[in-house]
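*Asks:* What follows is a single structure, and I will ask about it in a moment.
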Amino acid sequence: MAPKHQFSLPPQAKKPKKPRRTPASRPEETSASPNLLKEEKEQQEAIEHIDEVQNEIDRLNEQASEEILKVEQKYNQLRQPFFQKRSELIAKIPNFGVTTFVHHPQASALLGEEDEEVLHYFTRVEVTEFEDSKSGYRIDFYFDENPYFENKVLSKEFHLNKSGDPSSKSTEIKWKSGKDLTKRASQMQNKASRKRQHEEPESFFTWFTDHSDAGADELGEVIKDDIWPNPLQYYLVPDMDDEEGEGEEDDDDDDEEEEGLQDTDEEGDKDEGR
């Protein structure tokens, strides 16, 4: 049995004859093809022109980058005497460095109690961008003589190689006997994990030995772009502990006032009941 079709042709249309081209239809068919080719050609030419214009834009962007770099280098040199003067003034203020880091919301999150003790010997931080600015920068931490390590300066450098890949290297910390905070932090973490407790934060000084992902070194970027340009703004931030203490005192006063009001109300109720 032959399969049924949804639509069937009438008997006279089952074997259609091939239509003959008439003189009227030939001009339409012949004119459509050249028009289509013309449109495709115009589109291709437009794409080529867009590419040429984009090349000019890219060329100007590269030129702008070079000129901006020259301006940055110029003003980096002009800023150096002021940075030097600021460092001399900071050296006259005890605990300026540790206070700045403790008050900074991101840097303070990396500081343990012992880290803060070490940073009381920290006098200043300096950032030096390399000559072309694009290839990287160096961060120097200056310390007074202290019971933790022998170094007077701890440095960490960030580099971009010719292919644009980031890398870093740092000073080896010469810890005094039994004072290596990076080892203590590791031992405390292992101990905490065995007890299924929250892990203790790593020591701030592990940052100097961590080169796993130089391109995503948040602390380096925070120091270079935030703390170094204006450390005074963080030094002058009110101590959060003091603010909390004041708030607690205010709360105590409010509680005492509320208790006094309650006692007064109770006495008033008793008088009314008499």
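The values are calculated or read from the model by the stated rules, or taken from the named source; none is laboratory data. Quick caveat, the model's predicted, so the values are computed rather than measured. As a convention, Cβ positions derive from the backbone with ideal geometry for all residues, glycine included, and neighbour counts pool all protein chains shown. Surface areas here come from the heavy atoms of the whole protein model, side chains and all, with no ligands, DNA or RNA. Shrake-Rupley method; radii C 1.70, N 1.55, O 1.52, S 1.80 Å.
*Asks:* In debye, nearest 20: dipole of segment 123-182 around its Cα centre with unit charges on the Cβ of K, R (+) and D, E (-)?
*Replies:* Its charge dipole is roughly 160 debye.
*Asks:* List the pairs from LYS152/LYS176; LYS152/LYS183; LYS85/LYS174; LYS156/LYS224; LYS152/LYS179 whose alpha-carbon separation is above 18 Å, in the order I gave them.
*Replies:* LYS152/LYS183; LYS85/LYS174
*Asks:* Among rounded, prolate and oblate, which fits segment 95-156 when a ≥ b ≥ c are the square roots of the eigenvalues of its C-alpha gyration tensor, a/c under 1.5 means rounded, and a/b larger than b/c means prolate?
*Replies:* oblate
*Asks:* Taking a ≥ b ≥ c as the square roots of the eigenvalues of the Cα gyration tensor of segment 40-117, is the shape rounded (a/c under 1.5), prolate (a/b larger than b/c) or oblate?
*Replies:* Here segment 40-117 falls in the oblate category.
*Asks:* Further, regarding this structure: Between LEU60 and ASP210, what length in nm is gained on full extension when 0.36 nm per residue of separation is reduced by their alpha carbon distance?
*Replies:* 50.1 nm
*Asks:* Work from the charge dipole of segment 42-157 (Cβ charges, +1 for Lys and Arg, -1 for Asp and Glu, about the Cα centre) and give the residue of SER108, ILE47, THR123 farthest towards its positive end.
*Replies:* THR123
*Asks:* Here is a follow-up. Kindly sort PHE82, PHE96 by accessible area of their heavy atoms, largest first, with the probe set to 1.4 Å.
*Replies:* PHE82, PHE96
*Asks:* Additional query: Could you work out the Rg to Rh ratio of segment 75-186, with Rh taken as the Kirkwood radius (inverse of the mean 1/r over all Cα pairs)?
*Replies:* A ratio of 0.99.
*Asks:* Further, regarding this structure: Stretched out fully, how many nm does the piece from GLU145 to GLN44 gain, at 0.36 nm a residue minus the Cα gap?
*Replies:* 29.2 nm
*Asks:* Bins of 10 Å, beginning at zero and ending with the bin holding the largest distance: percent of Cα pairs per bin for segment 58-101, please.
*Replies:* It works out to 24, 27, 23, 18, 8, 0, in whole percents.
*Asks:* Give the peptides 138-148, 228-238 in descending order of average Cβ contacts within 10 Å, highest first.
*Replies:* 138-148, 228-238
*Asks:* Note the full-extension length gain between LEU236 and LYS162 as 0.36 nm times their separation in residues minus their Cα-Cα distance, in nm to one decimal.
*Replies:* This chain segment gains 22.5 nm when fully extended.
*Asks:* If I model a spin label as a point 7 Å beyond the Cα along the Cα-Cβ vector, how far apart are those points for GLU52 and LYS179 in nm?
*Replies:* Going from the GLU52 label point to the LYS179 one covers 7.0 nm.
*Asks:* Ordering ARG79, ARG184 by how much accessible area each has at a 1.4 Å probe, largest first, what is the list?
*Replies:* ARG79, ARG184
*Asks:* Order these peptides, 157-165, 207-215, 63-71, by their mean beta-carbon neighbour count within 10 angstrom, highest first.
*Replies:* Put in order of decreasing packing, that is 207-215, 157-165, 63-71.
*Asks:* Hey, rough spin-label estimate for LEU78 and LYS169, points 7 angstrom out along Cα→Cβ, what's it come to in nanometres?
*Replies:* Roughly 3.4 nm, to one decimal.
*Asks:* Estimate the FRET efficiency between ALA91 and GLU131 by the formula 1/(1 + (r/R0)^6), using the beta-carbon distance for r and 35 Å for R0, to the nearest 0.05.
*Replies:* Efficiency, rounded to the nearest 0.05: 0.85.
*Asks:* Skipping prolines and chain starts, which residues have an amide H placed within reach, meaning under 5 Å, of the one on ARG124, given they are 5 or more residues away or on another chain?
*Replies:* Sorted by chain and number, the residues that satisfy this are TYR142.
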